[in-house]
Amino acid sequence: MEIALLSGIHGEKRKPVVYNIRMHELAVAESLIKTVLEKSEDEEASRVVKVTIVVGNLAGVVTDSLHFCFDEVARDTIAEGATLEIETVSATAFCQSCRDEFEVGQYDFACPRCGGVIIPSGGMELYIKDIEIE
Amino acid sequence: MTKIIKVEKKILEKNDIAATRLREKFGALGIAVVNIMSSPGAGKTTLLAETIKKLKGKLSIGVIAGDIATDHDAKILEDAGAEWAVQINTGGRCHLEAVMVEESLDGIPEGIRLLIIENIGNLVCPAGYDLGENYTVMLGALTEGADKPKKYPGMYRACSHLVINKIDLEDALGVTADSYEREALEVNPSLATFRTSAKTGEGLDSWCDWLFSVADGKG
């Protein structure tokens, strides 16, 4: 590991810490496959058939892109060809003015009934629900 | 025969675990940590350089600067007077992760009281990664236009504080700090806000006072 320590105190000059991984959903897919493979190994599986995950609508994950990246990172593993099932869940919000409660999307900023201030809760879910293995 | 195994684990659990480890480490070392996020070009480095100059001699500051490439920012912040500066190059990854911060901490000198993490300039992904910080700060610039909070709400919702920068350009741009702040508060009503111009120095005092109180554990 090389670290750029550009410190006046230490005076050492080294190169920056360098990583080379692109794209947000790829990072998510990599974390996902790691856990899936660990769990499958624990269960002594020979093949992963399906992976079901839960993604909140405010979690900032593009599901099409995640499908694409999952297929890529699963290649040459026992999860190659596995179906990735994505269950989406919505955030809810409570209006501070009219006390109405409703589902909100990423781009809802006000109560649809009275225009009042809302604070979303939930919607940030990003977890593996279960895996189907052989 | 297939069988279904319950997993119930967060996909980014490893980041959360690393962030928890970091938070414990920072706590033990007595270092307060602020994670600053913004779009590219909002002025993070310039604001931080001016901040470090202002606090020099009063507060010992370390910096981790994240960029896709170059060690430009760490050099600027070191020149500004940071006690310790490290550059992380992600090579394309659009956010910093807790493990990257962990791996960069090697050799952090004793006595650093405030660590500022300058995240990758990006208004989407950095919000999803806890870096073990005490405070997550969004830096918005008037040059971006006041519509950014509603176009990238995830970032503004993930932060507790918002710095509105480049306020000296209000007239030239026809964008006001009032309008930017109003839009941001509609996305996240609990944001505490600062208004700054890193160029003229306006507003830097209250921002620096806040950082000082954060380092004192009273943020």
- Restrict the check to the stretch B:5-20 and report whether at least one residue is facing chain A (nearest Cβ under 7 Å), in contact with a Ser or Thr (Cβ under 7 Å, 6 or more places away or on another chain), open to solvent by 60 Å² or more (accessible area, probe 1.4 Å) and outside any helix (DSSP H, G or I). yes
- Message: Exactly one of these conditions fails for residue A:95: (1) closer than 30 Å to residue A:44 by Cα; (2) surrounded by 14 or more Cβ atoms within 10 Å (Cβ to Cβ). Give me its number.
- Response: (1)
- Exclusive hit being among the β-branched types (Val, Ile, Thr), more than 11 Å from chain A (Cβ to nearest Cβ), under 25 Å from residue B:140 (Cβ atoms) and in contact with an Asp or Glu (Cβ under 8 Å, 6 or more places away or on another chain), set B:36, B:52: B:36
- Task: Provide a single number: the residues in the stretch B:78-87 that are touching a His at 6+ places or on another chain (Cβ under 9 Å) and either open to solvent by 10 Å² or more (accessible area, probe 1.4 Å) or not hydrophobic (A, V, I, L, M, F, W, C) (or both).
- Result: 1
- Please give the strands (runs of 3 or more DSSP E) falling wholly within the stretch A:50-132 in which 2 or more residues are touching a strand residue (DSSP E or B) at 6+ places or on another chain (Cβ under 9 Å), free of Cβ contacts under 8 Å to residues at least 12 places away in the same chain and within 21 Å of residue B:153 (Cα to Cα). A:101-104
- Item | Total residues in the stretch B:88-104, condition open to solvent by less than 30 Å² (accessible area, probe 1.4 Å), at the interface with chain A (Cβ under 9 Å from one of its Cβ atoms) and not in a loop (DSSP other than H, G, I, E, B) | 4
- Mind listing just one residue for me: the one in the stretch A:24-44 that is open to solvent by 20 Å² or more (accessible area, probe 1.4 Å) and more than 8 Å from chain B (Cβ to nearest Cβ) and, of those, nearest to residue B:125 (Cα to Cα)? A:26
- Quick one: in the stretch A:104-124, which of the residues that are open to solvent by less than 60 Å² (accessible area, probe 1.4 Å) and under 15 Å from the mean Cα position of the chain (by Cα) is farthest from the other protein chains (Cβ to nearest Cβ)? A:122
- Determine which single condition residue A:101 fails, assuming it passes every other condition in (1) touching a Phe, Trp or Tyr at 6+ places or on another chain (Cβ under 8 Å); (2) open to solvent by less than 50 Å² (accessible area, probe 1.4 Å). (2)
- Within the stretch B:68-87, restricting to residues that are assigned to a loop (DSSP other than H, G, I, E, B) and facing another protein chain (nearest Cβ under 7 Å), the one that is modelled with the highest pLDDT is B:83
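The values are calculated or read from the model by the stated rules, or taken from the named source; none is laboratory data. The structure displayed is predicted, hence computed values, not measured ones. When we count neighbours, we look across all protein chains shown, and the Cβ atoms used for this are built from the backbone with ideal geometry, even at glycine. Keep in mind that these areas ignore ligands, DNA and RNA; they rest on the heavy atoms of the full protein, side chains included. Shrake-Rupley method; radii C 1.70, N 1.55, O 1.52, S 1.80 Å.
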